[in-house]
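**Student:** Dropping a structure here in structure tokens format, bear with me for questions.
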Amino acid sequence: MVRTGIYFFTSLAFLLTTSPGAVAAPVPLTPKDVAELVLKQSYKAQETNLTAQQARLAWATIEKNYDFQLSVESGYQDSKFESTSNSYLLQDKQFVTTTSLKKPFFSGTSLTLEYNRTSDQPDYSSSATSTTSSYTKDIFALSVEQSLLKNFLGLANRAELRSAEATLKATEITRVSDLQKLVLEAIRSYWAAYVAQETFQESLNSRERYQKLVSTVKRKTGYGYASPGESAQAEAELEVREQNVKRESRTYLGAMDSLATLLKLPAGSEVQFKVSESIPTPPNLSSVEVEKLRPVVSSQLKLKAAEENLTASKSNSLPDLSLVGKYSTQGLEETAPDAYNEMVAGTRPQYYVGVKLSYNFGSGYTDEDQLNKRVSRDLADAQLQRQRLELKDQELDLQRKIQSTYAIAVSAKNQKALREKAAQELQKTYTQGRTDISTLIEALNKYFDAEVALTRAIGDYHISLNEWAAFRDELIPDRKNNESKN
């Protein structure tokens with residue numbers, strides 16, 4: 001219901017609160033424009049997207065446990081320690097370099113490659129009969145460790161990873177749901193500002209009608225036709241209209257400020273509300289499959305994550321029994337190249353196979369951890385079941401709301417037409433002296449109330465339509481393509 005004079009009053013209201021030259025060009029806005037703007041440039045959309053990105057760390061924390069672990073250590077050692085194997089050793093100088101590369105796998109397997117080089121320069125006393133000259137020792141080792149009980153074949157590892165992935169997916173779905181709620185909030189703010197603007201406009205129109213009424217009463221008084229108290233009644237009602245203009249102006253400017261802040265519009269922006277005068281018929285209110293709605297899908301993923309955490313906790317509570325296998329080859333020669341060649345040739349291998357057992361006990365932590373994970377699983381399941389029922393109730397309530405707000409809007413439109421007709425007819429009969437002024441005042445006031453009620457009814461109906469679209473996940477239909485880029 002865009003009116004001819006509405007932009008004048010919009011500009012006037014902004015001029016009252018901004019400095020000269022600060023008013024920007026008018027910004028035409030439809031509800032669709034509001035949805036696009038709030039996703040594209042609002043601070044709240046940026047906060048929602050950034051908050052969701054913080055959840056990526058939990059998944060990366062699990063992944064980092066399976067990174068390649070490279071370690072390099074090199075140093076020089078000068079020792080004058082006594083040796084039980086050789087009492088003639090006075091000093092031993094060694095250059096030691098150790099390099100290792102370890103890679104854990106999600107199967108509970110750990111693979112380690114290690115290379116060690118020791119260059120030894122011993123110094124013996126002159127009385128020694130047999131001495132060893134300088135030598136280099138190279139050792140290459142390949143070791144494999146496999147969990148057999150705790151984290152059997154990587155059961156806990158994979159469960160933790162699946163839990164992190166499910167949580168990340170749930171966070172992404174929640175992000176889109178939050179953006180959809182933000183769009184709905186922006187649309188509500190848009191209609192609230194529009195209703196405030198229309199109410200302000202109607203207040204101005206009502207004041208103008210009473211100004212004309214006061215002029216008419218004064219003219220009748222001058223002719224001696226007015227009844228006692230008519231002039232005072234008319235002027236008193238005009239004062240009420242003046243108060244309403246001040247009150248509704250403040251409400252309108254506050255609603256515009258809230259909308260501009262939410263959409264991050266430039267300071268002093270003037271908004272042109274582009275709203276259709278028609279009242280569209282309600283859409284097909286067919287039921288939606290609750291299991292496919294984003295809130296339920298997100299809750300299902302959270303339940304899956306909780307179940308995987310419980311699986312990992314049970315596996316990690318067992319003793320750590322591992323099978324260990326190691327193959328090493330050595331090269332020991334006076335020169336470094338000869339030692340390296342001997343090591344590579346593998347003529348002096350060493351093999352080791354064994355088992356390793358470790359178990360932590362005493363604090364009762366594993367039992368408490370399992371209890372915590374089980375409670376979290378049961379809590380997620382209870383929340384999912386409750387959410388299914390609440391969404392069914394919400395669906396029925398929204399269907400009833402759309403039907404009722406549509407009926408109210410149609411009725412309010414008819415009511416306004418009747419109130420306007422009654423006010424016009426009573427205005428004529430009052431001028432002819434056939435209607436008491438109190439009857440006319442009551443009719444004018446009810447006409448004003450009907451105008452405001454119609455604007456609110458149309459806004460409520462459009463908001464209910466958007467709430468229905470949001471419930472069906474249609475306000476932001478495509479999660480990826482509609483992602484806000486900030």
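The values are calculated or read from the model by the stated rules, or taken from the named source; none is laboratory data. Not measured: the values here are computed from a predicted model. We place every Cβ from the backbone using ideal geometry, glycine too, and count neighbours over all the protein chains shown. Surface accessibility is based on the protein's heavy atoms, side chains included, excluding ligands, DNA and RNA. Shrake-Rupley method; radii C 1.70, N 1.55, O 1.52, S 1.80 Å.
**Student:** What are the pairs with Cβ atoms under 8 angstrom where one residue, in the range 418-433, is touching a residue at least 24 places away in the same chain (Cβ under 8 Å) and the other, located anywhere, is open to solvent by 90 Å² or more (accessible area, probe 1.4 Å) and hydroxyl-bearing (S, T, Y)? Sequence gap at least six, or different chains.
**Tutor:** G433/Y225
**Student:** Scan the range 305-349 for residues that are exposed (fewer than 14 other Cβ atoms within 10 Å of the Cβ) and not in a helix (DSSP H, G or I) and jot them down.
**Tutor:** Of everything in the range 305-349, those that are exposed (fewer than 14 other Cβ atoms within 10 Å of the Cβ) and not in a helix (DSSP H, G or I) turn out to be P319, G325, E334, T335, G346, T347, R348, P349.
**Student:** I'd like the full set of residues that are under 30 Å from T174 (Cβ atoms) and open to solvent by 60 Å² or more (accessible area, probe 1.4 Å), limited to the range 62-83.
**Tutor:** Scanning the range 62-83 gives K64, N65, D67.
Conditions tested, residue by residue: (1) open to solvent by 60 Å² or more (accessible area, probe 1.4 Å); (2) within 26 Å of T431 (Cβ to Cβ); (3) assigned to a helix (DSSP H, G or I); (4) at pLDDT 95 or above.
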| residue | (1), (2), (3), (4) |
| --- | --- |
| E198 | no, no, yes, no |
| N205 | no, yes, yes, no |
| Q211 | yes, yes, yes, no |
| S231 | no, yes, yes, no |
| N244 | no, yes, yes, no |
| A260 | no, no, yes, no |
| L265 | no, no, no, no |
| V271 | no, no, no, no |
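**Student:** A further question follows. So which residues in the range 310-362 are within 43 Å of the chain's Cα centre (by Cα) and either closer than 30 Å to S133 by Cβ or among the aromatic types (F, W, Y) (or both), if there are any at all?
**Tutor:** Y359, F361
**Student:** Does the range 258-290 hold any residues that are within 30 Å of D381 (Cα to Cα) and either touching a residue at least 40 places away in the same chain (Cβ under 8 Å) or of a type in the set (A, V, I, L, M) (or both), and which are they?
**Tutor:** L285, S287, V288, V290
**Student:** Being surrounded by fewer than 21 Cβ atoms within 10 Å (Cβ to Cβ) and either hydroxyl-bearing (S, T, Y) or not in a helix (DSSP H, G or I) (or both) is true for just one of S189, S163. Which residue is that?
**Tutor:** S189
**Student:** If we keep just the residues of the range 370-380 that are in contact with a Ser or Thr (Cβ under 9 Å, 6 or more places away or on another chain) and under 30 Å from K292 (Cβ atoms), which is surrounded by the fewest Cβ atoms within 10 Å (Cβ to Cβ)?
**Tutor:** That would be R374.
Here's the yes/no breakdown for (1) modelled with pLDDT under 95; (2) among the basic types (K, R):
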{"position": "K314", "(1), (2)": "yes, yes"}
{"position": "P319", "(1), (2)": "yes, no"}
{"position": "P337", "(1), (2)": "yes, no"}
{"position": "Y359", "(1), (2)": "yes, no"}
{"position": "Q383", "(1), (2)": "no, no"}
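**Student:** Could you check how many residues of the range 213-225 are out of contact with any Gly (no Cβ under 9 Å at 6 or more places or on another chain) and open to solvent by less than 30 Å² (accessible area, probe 1.4 Å)?
**Tutor:** 4
**Student:** Please give the number of the condition V288 fails out of (1) open to solvent by 70 Å² or more (accessible area, probe 1.4 Å); (2) not in a helix (DSSP H, G or I).
**Tutor:** (1)
**Student:** Let me ask another. Where residues in the range 437-479 are in contact (Cβ under 8 Å) with a residue 12 or more places away in the chain and assigned to a loop (DSSP other than H, G, I, E, B), which of them is most open to solvent (accessible area, probe 1.4 Å)?
**Tutor:** This residue is R479.
**Student:** How many residues, within the range 361-381, are out of contact with any Leu (no Cβ under 8 Å at 6 or more places or on another chain), charged (D, E, K, R) and at pLDDT 95 or above?
**Tutor:** 1
**Student:** Scan the range 36-49 residue by residue and report those that are open to solvent by less than 90 Å² (accessible area, probe 1.4 Å) and in a helix (DSSP H, G or I).
**Tutor:** L37, V38, L39, Q41, K44, A45, Q46, T48, N49
**Student:** Pick from A412, A407: which is of a type in the set (A, V, I, L, M, F, W, C), touching a residue at least 24 places away in the same chain (Cβ under 8 Å) and surrounded by 12 or more Cβ atoms within 10 Å (Cβ to Cβ)?
**Tutor:** So the residue among A412, A407 that is of a type in the set (A, V, I, L, M, F, W, C), touching a residue at least 24 places away in the same chain (Cβ under 8 Å) and surrounded by 12 or more Cβ atoms within 10 Å (Cβ to Cβ) is A412.
**Student:** Are any residues in the range 354-369 over 26 Å from L323 (Cα atoms) and either open to solvent by less than 60 Å² (accessible area, probe 1.4 Å) or of a type in the set (F, W, Y) (or both), and if so, which ones?
**Tutor:** The answer is G364, D369.
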